[in-house]
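Take a look at the structure set out below.
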Amino acid sequence: MSTIAATHVGESLGHGHEEATGWKKYLWSLDHKIIGLQYLFTSLVFLLLGGALALLLRWQLAFPSTQVMANGDVGNPISLPFINPQFYNALFTMHATVMVFLVVMPLLIGAFGNYLIPLKIGAGDMAFPLINELSYWFFVASGFVMLAGFFVAGGAAAGGWTSYAPLSSVAAYNGTKMGQTLWAAGIFVNGLASIMGAFNYITTIVNMRAPGLGFFRLPLTVWALFITAFLLLLAVPVLSAAGAMLILDLNFGTSFFNPAQGGQPLLWQHLFWFFGHPEVYIMILPAMGMASDVLSIFSRKPVFGYKAMVFAMIAIGFLGFIVWGHHMFVSGMNLVLSAAFGVSTMVIAVPSAIKTFNWLGTLWGGSIHFTTAMLNALAFVAMFVIGGFSGIFMASTPVNIFVHHTYFIVAHFHYVLFGGSIFAIFASIYTWYPKMFGRMLDETLGKIHFALTFVFFNLCFFPMHNVGLGGMMRRIADPTAYEHLRSLQPINQFITFAAIGLGFSQLLFFWNFFRSLKHGKPAGKNPWHATTLEWTVASPPGHGNFASTPKVYRGAYDYSVPGYPRDYIMQNEPDAPDAPAAKSSVAKVPVG
Amino acid sequence: MSLLSLLSTAHAEVRQTSVWWLPRNVNMFGHEIDFLFYLILWLTGVTAVAVFSVMIYFLVKYRARPGVPAIHSHGNNALEVIWTTIPVFIFLALAIYGNEQWTQMRLRTPPADALPVAVVGEQFGWNVRYPGPDGKLAKMVASKVGKENPFGVDPADPDGIDDFTTYNDIVFPLNRPVRLYLSSKDVIHAFYVPEFRLYQDMVPGRVYDFVWLKAEATGNFQLACNQLCGQGHYKMFGKLSVVEESAYQAWVKSKTPAPTASIEKSNPVPVSLVNK
């Protein structure tokens with residue numbers, strides 16, 4: 001263990017392992033960049049799958065196969081008859097499970113975390129390359145285990161991604177004993193992958209930063225992933241434990257959650273949400289970090305209030321562990337406790353507000369280049385604002401009594417997870433694709449993809465606020481079964497058409513992504529004129545990343561320094577004696 | 001009685017107007033919830049317009065132009081303090097005000113004359129128990145709630161002798177406080193009626209007695225289960241009517257007592273659960 005740290009970096013930037021070659025490189029490699037790409041490609045495949053599940057469930061909501069028509073027929077003429085209520089429940093359960101555990105987390109943390117951390121801190125690789133690759137394969141295995149549920153008796157888990165007990169824990173109640181067990185096993189294995197990744201990231205960032213790269217010179221992307229790794233390390237084991245308990249309850253006669261035999265249904269909720277709320281921040285913090293960097297690069301400006309951004313993320317990390325009860329305001333847990341969670345939840349909105357203001361501050365006085373990456377980062381900010389605001393309604397305990405479990409919350413978390421995280425992921429892909437593959441993505445295709453995604457996203461998810469306020473419950477297989485929802489059905493159909501538009505718009509992205517691998521314009525080392533260390537090496541970087549360990553002289557955001565011949569100074573550029581203004585990275589320039 | 005026949009065939013309202021917005025509110029507590037909802041809507045709406053205006057203004061004003069360099073600024077501490085402090089006060093005020101309302105709705109003891117009504121969920125329907133002429137419900141014991149005894153009552157309980165039960169059918173008297181006793185026989189269900197601005201989970205192994213309400217308008221509504229409870233979840237709804245006190249009394253008179261009450265199901269949802 002003691003051989004991991006800086007000594008190794010100095011001696012051999014290949015980090016003690018040889019470069020794998022040929023096709024084997026993409027199956028089993030210890031190189032963090034290849035592992036990052038493995039995560040990227042695998043998660044993009046899962047993204048297509050999760051999207052397909054979403055379109056199926058949207059089709060059922062617009063044209064239910066269970067709908068009783070005016071002439072007495074059951075089933076809308078254009079419904080999909082194979083979507084019965086149980087399969088519908090499996091669709092939304094697996095859609096969420098895939099998107100959370102196999103798409104957003106692995107894209108943000110597995111793909112970008114692995115790819116960018118060593119490059120951005122000037123290290124040759126991760127601290128534990130073997131564990132890194134194992135983590136990837138555990139993640140792949142977890143995906144196959146979860147999805148295997150579709151092929152077993154009873155079908156896939158159908159208890160929602162939250163899998164509330166005792167519906168999830170008693171086979172007689174859910175009818176999907178095998179599928180639910182596979183779901184829990186998948187969650188358990190996925191958790192192991194996350195835990196392996198988390199301590200690897202923490203060790204790497206603490207021990208392997210290049211000389212001169214103090215914590216407060218780290219790019220916000222690295223800070224965000226560092227804080228996220230702590231959240232993973234503390235929250236994910238709780239979910240894994242809960243998953244194990246669920247397997248025991250389902251298969252081995254224990255009764256952690258079944259009150260008929262002395263268990264506690266609310267225990268599951270506490271365990272799940274003790275993980276589940278930090279999880280929300282696990283899925284947004286890296287997006288915030290990367291979006292901050294993208295905004296800075298394309299505004300040609302330092303991130304506004306860098307330290308405030310760091311402290312806001314640390315605050316979110318801490319507070320994230322004491323707000324889980326806001327998912328349980330109406331569960332009947334202690335009512336005074338609900339009030340306390342209501343206060344902590346309102347407080348956690350503050351650091352998010354701080355971040356938003358600083359993003360605006362970053363734009364202020366900039367020289368804004370509207371690249372596809374920048375457009376996606378700007379959409380991230382705007383959609384995150386809407387998602388944050390709709391969260392305030394739910395944070396207010398009395399309003400929660402009304403909007404809980406309606407489509408209002410479905411709108412809310414899609415604004416944060418798609419509007420927030422996915423737009424930030426697109427921004428990041430456009431920014432770092434040239435580094436990963438040495439070629440540029442097509443900007444025209446990219447902008448069309450962005451415009452379509454942005455428009456269809458809002459057409460799809462904004463009206464969900466309205467149907468939610470109109471009283472539409474989430475997780476119902478057929479809204480037309482309810483008299484009070486029948487008049488909302490045209491809105492549901494509208495949402496479905498928008499969802500289809502949103503889904504098919506993504507094909508443009510995939511086309512661009514795969515076409516540009518061969519046909520994109522060569523990128524060169526630093527196509528965006530950015531400052532951080534990954535842009536000092538070839539695209540893609542060679543095995544071991546840096547020919548020699550870089551030395552860092554400045555923070556990550558020296559853009560548009562007055563008196564300097566170009567509008568960016570690389571982190572490894574020493575202060576030139578004739579450019580004293582370059583020292584201004586520590587100086588405060590007053591606003592206005 | 002014509003009124004009774006009207007009740008038995010009554011359907012919930014199909015909304016024709018304002019389908020994009022909140023349904024009408026008929027519950028005493030709904031006013032506070034709606035007020036808070038609109039307060040937050042104004043607060044966030046105005047802020048959103050401000051934030052987006054600033055953003056668009058910056059995007060236009062500071063778009064890249066040849067020869068115009070960006071300002072080199074790492075931030076401004078005074079601004080950080082301002083935009084940290086103001087949200088802290090706004091959010092704390094919202095939390096404190098919200099808690100005040102929460103306390104009113106959830107922690108205040110229901111009035112002594114409140115009509116007690118027990119509602120016990122099951123896959124996939126609602127067992128409902130009303131007090132008879134004595135106005136008292138039999139005592140519910142959470143651990144006794146089960147297949148044979150949906151309300152977990154002692155058959156010898158004198159308060160329960162005259163109780164009567166219904167299935168998927170709830171009637172509330174107008175302008176009279178109602179105290180709910182909520183539980184479940186199997187999995188978690190939820191008592192949700194948007195016109196009452198009311199959602200409450202019903203957890204097996206527990207009896208919740210803190211929810212109370214007062215209907216302020218007559219009408220027919222739909223009680224929906226809003227906690228995923230299995231494959232029949234989407235059809236787990238019941239009829240909920242608010243009627244004048246006299247109609248309520250007539251409805252009560254038409255019912256026969258059922259001390260323990262295993263209930264005859266009027267429209268059970270076909271369930272074919274596998275694996276067991």
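Need the failing condition index for B:GLY135 against (1) on the phi < 0 side of the Ramachandran plot; (2) modelled with pLDDT of 90 or more, just the number.
It fails just one condition, (1).
This table checks each residue for (1) more than 14 Å from B:VAL119 (Cβ to Cβ); (2) under 12 Å from the mean Cα position of the chain (by Cα).
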residue	(1), (2)
B:ASN168	no, no
B:PRO177	yes, no
B:TYR199	no, yes
B:VAL203	no, no
B:ASP209	no, no
B:PHE237	no, no
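Mind counting the residues in the stretch A:165-185 that are assigned to a helix (DSSP H, G or I) and free of Cβ contacts under 8 Å to residues at least 40 places away in the same chain?
5
Answer yes or no: is there a residue in the stretch A:147-164 that is in a helix (DSSP H, G or I), more than 20 Å from the chain's Cα centre (by Cα), more than 9 Å from chain B (Cβ to nearest Cβ) and hydroxyl-bearing (Ser, Thr, Tyr).
So far as the stretch A:147-164 goes, no, none of its residues is in a helix (DSSP H, G or I), more than 20 Å from the chain's Cα centre (by Cα), more than 9 Å from chain B (Cβ to nearest Cβ) and hydroxyl-bearing (Ser, Thr, Tyr).
Could you grab me the full set of residues in the stretch A:347-384 that are more than 18 Å from B:THR84 (Cα to Cα), in contact with a Ser or Thr (Cβ under 6 Å, 6 or more places away or on another chain) and assigned to a helix (DSSP H, G or I)?
Within the stretch A:347-384, A:LEU363, A:ALA373 meet the criteria.
Is it the case that A:GLU443 is surrounded by fewer than 23 Cβ atoms within 10 Å (Cβ to Cβ) and under 30 Å from B:LEU213 (Cβ atoms)?
no
Just to be sure I understand, how many residues within the stretch B:58-102 are more than 7 Å from chain A (Cβ to nearest Cβ) and of a type in the set (Ser, Thr, Tyr)?
Total meeting the criteria: 2.
Which condition does B:PHE191 not pass, out of (1) farther than 21 Å from B:GLN101 by Cβ; (2) within 14 Å of chain A (Cβ to nearest Cβ); (3) at pLDDT 95 or above, if it passes all the others?
Only one criterion in (1) farther than 21 Å from B:GLN101 by Cβ; (2) within 14 Å of chain A (Cβ to nearest Cβ); (3) at pLDDT 95 or above is unmet by B:PHE191, namely (1).
For A:LEU267, are the conditions met, namely being more than 16 Å from the chain's Cα centre (by Cα), of a type in the set (A, V, I, L, M) and closer than 25 Å to A:HIS414 by Cα?
no
Being within 13 Å of chain B (Cβ to nearest Cβ), in a helix (DSSP H, G or I) and in contact with a helix residue (DSSP H, G or I) (Cβ under 9 Å, 6 or more places away or on another chain) is the requirement here; does A:VAL310 meet it?
The answer is yes for A:VAL310.
From (1) at pLDDT 60 or above; (2) surrounded by fewer than 19 Cβ atoms within 10 Å (Cβ to Cβ); (3) in a loop (DSSP other than H, G, I, E, B), pick out the condition that doesn't hold for B:LYS265.
(1)
I'd like to check something: does the stretch B:249-256 contain any residue that is on the phi < 0 side of the Ramachandran plot, touching a strand residue (DSSP E or B) at 6+ places or on another chain (Cβ under 6 Å), hydrophobic (A, V, I, L, M, F, W, C) and surrounded by fewer than 20 Cβ atoms within 10 Å (Cβ to Cβ)?
No; the residues of the stretch B:249-256 include none that is on the phi < 0 side of the Ramachandran plot, touching a strand residue (DSSP E or B) at 6+ places or on another chain (Cβ under 6 Å), hydrophobic (A, V, I, L, M, F, W, C) and surrounded by fewer than 20 Cβ atoms within 10 Å (Cβ to Cβ).
Kindly indicate whether A:ALA260 is surrounded by fewer than 24 Cβ atoms within 10 Å (Cβ to Cβ), of a type in the set (A, V, I, L, M) and within 9 Å of another protein chain (Cβ to nearest Cβ).
Judged against the criteria, A:ALA260 is a match.
In the stretch A:56-78, what count of residues is obtained for those that are away from chain B (no Cβ under 14 Å) and either more than 21 Å from A:TRP183 (Cα to Cα) or without any contact (Cβ under 8 Å) to a residue 24 or more places away in the chain (or both)?
Number satisfying all stated conditions: 12.
Taking the options A:ILE392, A:ILE409, name whichever one is farther than 26 Å from A:SER292 by Cβ and either more than 11 Å from chain B (Cβ to nearest Cβ) or of a type in the set (Val, Ile, Thr) (or both).
So the residue among A:ILE392, A:ILE409 that is farther than 26 Å from A:SER292 by Cβ and either more than 11 Å from chain B (Cβ to nearest Cβ) or of a type in the set (Val, Ile, Thr) (or both) is A:ILE409.
A:HIS543 passes all but one of (1) farther than 30 Å from A:SER79 by Cβ; (2) modelled with pLDDT of 95 or more; which number fails?
A:HIS543 satisfies all of (1) farther than 30 Å from A:SER79 by Cβ; (2) modelled with pLDDT of 95 or more except (2).
Looking only at residues that are of a type in the set (A, V, I, L, M, F, W, C), assigned to a loop (DSSP other than H, G, I, E, B) and within 20 Å of A:PHE215 (Cα to Cα) in the stretch A:282-306, which one is nearest to the other protein chains (Cβ to nearest Cβ)?
Within the stretch A:282-306, the match that is nearest to the other protein chains (Cβ to nearest Cβ) is A:PHE304.
Taking A:HIS369, is it at pLDDT 95 or above and at positive phi?
Considered against the rule, which asks whether it is at pLDDT 95 or above and at positive phi, A:HIS369 comes out as no.
Kindly provide the set of residues from the stretch B:217-235 that are at the interface with another protein chain (Cβ under 9 Å from one of its Cβ atoms) and of a type in the set (A, V, I, L, M), ordered by number.
Across the stretch B:217-235, the qualifying residues are B:ALA224, B:LEU228.
What residue, among those in the stretch B:103-130 that are touching a residue at least 24 places away in the same chain (Cβ under 8 Å), within 14 Å of chain A (Cβ to nearest Cβ) and β-branched (Val, Ile, Thr), is surrounded by the most Cβ atoms within 10 Å (Cβ to Cβ)?
B:VAL120
Is it true that some residue in the stretch A:375-382 is facing chain B (nearest Cβ under 8 Å), at pLDDT 95 or above, under 30 Å from A:ASN334 (Cβ atoms) and under 21 Å from the mean Cα position of the chain (by Cα)?
Among the residues of the stretch A:375-382, not one is facing chain B (nearest Cβ under 8 Å), at pLDDT 95 or above, under 30 Å from A:ASN334 (Cβ atoms) and under 21 Å from the mean Cα position of the chain (by Cα), which makes the answer no.
The values are calculated or read from the model by the stated rules, or taken from the named source; none is laboratory data. Please read these numbers as outputs of a predicted model, since none were measured by experiment. Here the Cβ is made from the backbone with ideal geometry for all residues, glycine too, and neighbour counts use every protein chain on show.
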